[in-house]
Structure formats: C-alpha cells, structure tokens
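Notes to accompany the following structure.
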Amino acid sequence: MSSGFAAGRGGGVTARFDAAEIAVLRSLVSQVLDLVEPGATGDDPLERALGIGSPEEPTDPVLARLFPSAYADDDLSAEFRRYTEATLRDGKRSDARTMLETAAPGRVELTAEQAQAWMRALNDVRLALGTRLEVTEEVHDEIAGMGEDDPRYPAYVTYDWLTYLQDSLVRALW
C-alpha cells in the first residue's frame with residue numbers, strides 16, 4: 001500500500017503506488033472527468049466562443065458540490081456561474097488529465113505543477129465520492145464500526161484512503 005507522498009526535488013513530490021491503487025485512482029479520476037465534461041452553452045455563437053454557459057445550478061448533487069453557488073442570492077449566483085463555470089470545468093478536466101497521464105504503478109515523481117494538479121484532482125474525487133456516500137464528519141466512526149462484510153465498506157475505505165493521500169500530498173508540498 002502507498003506510504004503517501006514525500007517531498008521531492010525542486011518543489012516536487014514522490015510516491016510509490018501498486019498497480020491496484022493506480023487502477024482505483026485512474027477509475028475514480030476518469031469518472032470525475034466524465035462528469036465535468038464541457039457544460040452547455042447558449043445558441044449565440046459569441047457565447048459559445050467565449051464559453052459563456054448556462055446559469056442553471058446543476059441538479060446532480062456531485063456537480064452541485066463541485067460547482068457550488070458563489071452567492072446566496074440566486075440571480076447573482078446564476079450570473080457568476082454563467083461566466084465562470086466553463087473555465088472551472090476546463091481546469092478540473094486539465095487536472096484530471098494530468099493525474100491520468102502521470103499515475104503509474106511504482107515510483108511516481110511529480111513536478112510542483114503536477115503535484116498541484118493532483119491535489120486539485122484528488123480533492124474533486126473526494127468531493128464526488130463523499131457526496132455520493134453522503135459522508136459526514138463522523139465518517140471515521142462509521143468506518144470503525146462497519147464490518148468488512150458491509151457492502152458500503154470498500155467505498156468508505158477508499159474515501160478514507162483518498163483523504164490520507166491528499167493529506168500526505170499537502171504535507172509534502174508544504
């Protein structure tokens with residue numbers, strides 16, 4: 001099992017992963033990548049060219065978590081979403097692609113820039129999985145009290161492992 005990330009040269013990081021861990025990471029990141037496909041734009045060619053999207057809040061709870069409302073006021077939030085969501089989606093897709101391109105079994109060496117992309121992609125994966133699992137602050141107590149035969153156990157343990165990876169990456173970067 002991965003021992004987490006450690007500081008590397010030039011602000012980068014290193015980690016060691018086995019093939020099963022990489023398969024899990026690649027699968028989860030690919031699912032998030034599919035979720036954050038380019039959003040809908042209007043019919044106006046200028047809006048499409050500028051990436052001006054729909055002001056509608058996502059109905060999928062995971063997308064709502066990945067792209068939360070910026071303001072309590074619905075009109076302000078819709079206007080903000082309209083002009084920013086396409087760029088946010090592009091960034092999330094770029095981070096996920098970086099992770100997919102650099103995730104491999106064995107020793108992984110990431111530049112500082114790649115490590116930042118991994119950190120954001122891991123965060124997106126954790127948010128997505130946590131939303132689907134309806135994770136609360138009591139998640140560690142739930143896992144501790146859950147038997148390995150519980151059908152939720154693998155997903156919760158995966159969430160816990162992702163939390164550990166993200167924490168070790170943050171610590172290695174700072």
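Values in this text are rule-based calculations from the coordinates and carry no lab data. Since the model is a prediction, treat every value here as computed from it, not as a measurement. Neighbour counts run over all protein chains shown; Cβ positions are idealised from the backbone, glycine included.
Bin width 5 Å, alpha-carbon pairs only: give the P(r) of the range 56-156 as whole percents, running from 0 to the bin holding the largest distance.
Reading upward from the zero bin: 2, 11, 15, 16, 15, 16, 13, 7, 3, 1.
Compute the Rg to Rh ratio over the range 112-161 from the alpha carbon atoms, using the Kirkwood formula for Rh, and round to two decimal places.
A ratio of 1.08.
GNM, the chain, Cα, under 10 Å: largest mean-square fluctuation among Leu76, Leu110, Leu162?
Maximum fluctuation in the GNM of the chain, among the listed residues, is at Leu76.
Grab every C-alpha pair in the chain, bin the distances at 5 angstrom width from 0 up to the longest one, and report whole percents.
1, 8, 15, 17, 17, 15, 12, 8, 5, 1, 0, 0
Rank Asp34, Asp149, Asp18 by mean-square fluctuation in a GNM of the chain with C-alpha springs under 10 angstrom and give only the top-ranked residue.
Of Asp34, Asp149, Asp18, the Gaussian network model singles out Asp149 as fluctuating most.
Set the Förster distance to 35 Å, then compute FRET efficiency between Ala70 and Thr102 from the Cβ-Cβ distance, nearest 0.05.
0.70
Once both labels are modelled 7 Å past Cα along the beta-carbon direction, what's the Glu142-Val157 spacing in nm?
It works out to 1.7 nm between the two label points.
Given the -39500 (n - 2.57) contribution per DSSP H run of 4+ residues, what per-residue ellipticity at 222 nm results for the chain, rounded to the nearest 500 deg cm²/dmol?
The helix-only estimate for the chain comes to -20000 deg cm²/dmol at 222 nm.
Among Glu148, Glu57, Glu21, which one shows the biggest mean-square fluctuation in a GNM of the chain, springs joining Cα atoms closer than 10 Å?
Judging by the Gaussian network model, the answer is Glu148.
Hey, what angle do you get for helix 112-133 against the long axis of the chain, alpha-carbon based, 0 to 90 degrees rounded to 10?
Tilt of helix 112-133: around 80 degrees.
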